[in-house]
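Taking it in order: structure first as structure tokens, then the write-up.
Please treat every number below as a calculation from the coordinates, not as lab data. These numbers were taken from a predicted model, which means no experiment stands behind them. Note that each Cβ is placed from the backbone with ideal geometry, even for glycine, and that neighbours are counted across all protein chains shown.
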């Protein structure tokens, strides 16, 4: 999965600050772009782990079904959705 980041440079310190568009809670900083990207990967992983742990703690229903969903390329998903719509209306 790809993520989009908003990156700003602090004029006083020269550090780069980044925030993930898809996961706004993932915010970090780095001295240069390589460090920022490394730190952002870690921030995204931590936020997703925390959200997953919170979800599991709230949903301890033994009757629940757990399924995995692999997210595909957004363009392919839109094409498939419009194709399904045409099939349903035909």
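Here is how the numbers come out for the structure above:
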item: Per-residue Cβ neighbour rank within 10 angstrom, fewest leading, 67, 60, 52; result: 67, 60, 52
item: Per-residue Cβ neighbour rank within 10 angstrom, fewest leading, 66, 47; result: 66, 47
item: Cα→Cβ-extended label distance, 7 Å offset, between residue 27 and residue 72, nm; result: 3.6 nm
